[in-house]
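Asker: My questions will all concern the structure given below.
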Amino acid sequence: MRNNRHIMIAGNWKEHLTVAQASIYLNRLEEHVKTHQGIEVVLLPNVLALQPLSVQLDRRKFRLGAQDGYYMDAGAYTGEVSMAMLRELVHYVLVGHSERRHIFMEDDALASKKVQAAVRNGIMPILCVGETLQERLAGETNQILHNQIAAGLQHLTSREVGASVIAYEPVWAIGTGEYAKPEQVSKAIDFIRKQVEHLYGTRASENLRILYGGSVDDHNINAYLDIDGCDGALVGGASLNFHKFSEIVESAYRAQQKRTMRRN
Ligand code: 13P
């Protein structure tokens, strides 16, 4: 398939690094990560660090994303930070990350509301989907992916879906060091794109970016970027190591150059 999608590398720092540590870490990253045209590098620090990093970061190299956001724009929702508050600071927001689904019991209905709120506020959602090991072993992977996609995107227009990002993150590969085989990722990505085509049409499915996430590091990234239809990676642990993360970004740049050459 020929497309104009840019490779995206997103670093999900999860609940790591205080504001001061995040600032120091960003300094190191900026020394190591080069400015590259044609790829997008997104950092997802904790919510407190978003504001100071937004002032500090080199916009030619990085964009910011939030790890979560609430769907009501304002109100009596103690402890929540809304998409309307995040919109001044971020381009992207994760929705439905498996840790939100499994530790905080967030369901597809909530993911759908958050996706809608993100889009309403001009933030691009990165909808995370993926099966547990039990579900994979029971042969339910496609069903789970279908349900999470259909529910998560249900209130968006085709154009909005095309501008969104889906991260395929098999739960069994997150933080375990047990990464998914490229064939498994390829199958899942093909399935996701076909579902989106079926639900939202060809243009949406060709424009939508699909990332892989789950124990991605500087050694296995190339195998994922070689997959037709894989538009980058959502990186957890390895995004907290500036050597590894900058190597991942370099791999993405080389892969993007190869893709661009093939297209021309
Ligand atoms: P790890 O890369 O640490 O497995 O985490 C993946 C992830 O959850 C990214 O959102």
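Asker: Determine whether residue 103 is within 16 Å of the ligand (Cβ to nearest atom), crowded, with 24+ Cβ neighbours inside 10 Å and modelled with pLDDT of 95 or more.
Answerer: no
Asker: Being touching a Lys or Arg at 6+ places or on another chain (Cβ under 6 Å) and not charged (D, E, K, R) is the filter here, so list the residues in the stretch 184-210 that pass it.
Answerer: 205
Asker: Being within 20 Å of residue 192 (Cα to Cα) and not in a strand (DSSP E or B) is the filter here, so list the residues in the stretch 92-109 that pass it.
Answerer: 96, 97, 98, 101, 107, 108, 109
Asker: Which ones in the stretch 47-69 are crowded, with 18+ Cβ neighbours inside 10 Å and of a type in the set (S, T, N, Q)?
Answerer: Residue satisfying the conditions is 67 alone.
Residue-wise test of (1) polar (S, T, N, Q); (2) assigned to a loop (DSSP other than H, G, I, E, B); (3) within 16 Å of the ligand (Cβ to nearest atom); (4) touching a Phe, Trp or Tyr at 6+ places or on another chain (Cβ under 8 Å).
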| site | (1), (2), (3), (4) |
| --- | --- |
| 17 | no, yes, yes, yes |
| 27 | yes, no, no, no |
| 51 | yes, no, no, no |
| 54 | yes, no, no, no |
| 72 | no, yes, no, no |
| 76 | no, yes, no, no |
| 90 | no, yes, yes, no |
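Asker: Scan the helices (runs of 4 or more DSSP H) fully inside the stretch 154-264 and keep the ones with 1 or more residues being touching a Phe, Trp or Tyr at 6+ places or on another chain (Cβ under 7 Å), crowded, with 22+ Cβ neighbours inside 10 Å and modelled with pLDDT of 95 or more.
Answerer: The qualifying helices (runs of 4 or more DSSP H) are 158-162, 182-200, 221-225.
Asker: In the stretch 70-86, which residues are surrounded by 15 or more Cβ atoms within 10 Å (Cβ to Cβ) and either over 17 Å from the mean Cα position of the chain (by Cα) or among the β-branched types (Val, Ile, Thr) (or both)?
Answerer: If the condition is that a residue be surrounded by 15 or more Cβ atoms within 10 Å (Cβ to Cβ) and either over 17 Å from the mean Cα position of the chain (by Cα) or among the β-branched types (Val, Ile, Thr) (or both), then 70, 71, 81, 82, 84, 85 are the ones that fit.
Asker: Taking the stretch 32-43 as the search range and keeping residues that are in contact with a helix residue (DSSP H, G or I) (Cβ under 8 Å, 6 or more places away or on another chain) and outside any loop (DSSP other than H, G, I, E, B), which one is surrounded by the fewest Cβ atoms within 10 Å (Cβ to Cβ)?
Answerer: Going through the qualifying residues, I end up with 32.
Asker: Still on this structure, please answer the following. In the set 189, 221, 210, which member is within 17 Å of the chain's Cα centre (by Cα), without any contact (Cβ under 8 Å) to a residue 40 or more places away in the chain and within 24 Å of residue 43 (Cβ to Cβ)?
Answerer: Unique residue meeting the criteria: 221.
Asker: Applying the selection to the stretch 28-59, what residues are in contact (Cβ under 8 Å) with a residue 12 or more places away in the chain, more than 23 Å from residue 85 (Cα to Cα) and among the polar types (S, T, N, Q)?
Answerer: 35
The values are calculated or read from the model by the stated rules, or taken from the named source; none is laboratory data. Note that the coordinates shown come from a computational prediction; the quantities given were computed from them, not determined experimentally. Here the Cβ is made from the backbone with ideal geometry for all residues, glycine too, and neighbour counts use every protein chain on show.
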